[in-house]
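Below: one structure, written as structure tokens.
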Amino acid sequence: VQLQASGGGLVQAGGSLRLSCVVSGSMFSINGMGWFRQAPGKRRELVADITVSGTTNYADSVKGRFTISRDNAKKTLYLQMTGLKPEDTSVYYCNRAPPYAYWDWGQGTQVTVSS
């Protein structure tokens, strides 16, 4: 399985971005998926996840601002981010949602929010 995240960039505080993650192979539709982020010097954290049936969960820090979704036909995971804050600055990755073993992480996509 290969994970290709894209859509990051530089945005001002309060702005929006939409991240995408294309998952190669046939495993996407049968796995819960998550968006993770890692800021310099910090541990990687799960910010949102979505089950196979579409149930979503969010970290408190992004609840009400981020929306995770999936398109099984396109094998693509999305993260719509609004109301971005400087503390959202991180490299964002997609992967299988816990508690299952992660696939190789790929390069992720950088999101930088200026104040």
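The values are calculated or read from the model by the stated rules, or taken from the named source; none is laboratory data. Owing to the predicted nature of the structure, the values given are computational and were not obtained by experimental measurement. In this analysis, Cβ positions are derived from the backbone assuming ideal geometry, glycine residues included, and neighbour counts consider all displayed protein chains. SASA here: full protein model, heavy atoms, side chains in, ligands and nucleic acids out. Shrake-Rupley method; radii C 1.70, N 1.55, O 1.52, S 1.80 Å.
Tabulated results
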read-out: Breaking point among (1) open to solvent by 30 Å² or more (accessible area, probe 1.4 Å); (2) among the aliphatic types (A, V, I, L, M); (3) assigned to a strand (DSSP E or B), for residue 73; value: (3)
read-out: Criterion violated by residue 91 - all others in (1) touching a helix residue (DSSP H, G or I) at 6+ places or on another chain (Cβ under 7 Å); (2) outside any loop (DSSP other than H, G, I, E, B); (3) not charged (D, E, K, R) satisfied; value: (1)
read-out: Which numbered condition residue 65 misses (of (1) open to solvent by 60 Å² or more (accessible area, probe 1.4 Å); (2) farther than 26 Å from residue 25 by Cβ); value: (1)
read-out: Of all residues in the range 86-115 being open to solvent by 30 Å² or more (accessible area, probe 1.4 Å) and polar (S, T, N, Q), the one that is farthest from the chain's Cα centre (by Cα); value: 115
read-out: Every pair of residues 6+ apart whose Cβ atoms lie under 6 Å, when the first sits in the range 92-115 and is closer than 19 Å to residue 56 by Cα and β-branched (Val, Ile, Thr) while the second is open to solvent by 30 Å² or more (accessible area, probe 1.4 Å) and at pLDDT below 95; value: none
read-out: Cβ-Cβ under 7 Å pairs, at least 6 apart or on other chains, the range 23-48 side closer than 15 Å to residue 110 by Cβ and open to solvent by 50 Å² or more (accessible area, probe 1.4 Å), far side at pLDDT below 95 and among the hydrophobic types (A, V, I, L, M, F, W, C); value: none
read-out: Qualifying residue in the range 52-64 (condition: touching a residue at least 24 places away in the same chain (Cβ under 8 Å) and in a strand (DSSP E or B)); value: no
read-out: Subset of the range 65-111 (residues that are modelled with pLDDT of 95 or more, out of contact with any Phe, Trp or Tyr (no Cβ under 8 Å at 6 or more places or on another chain) and charged (D, E, K, R)); value: 65, 74, 85, 87, 88
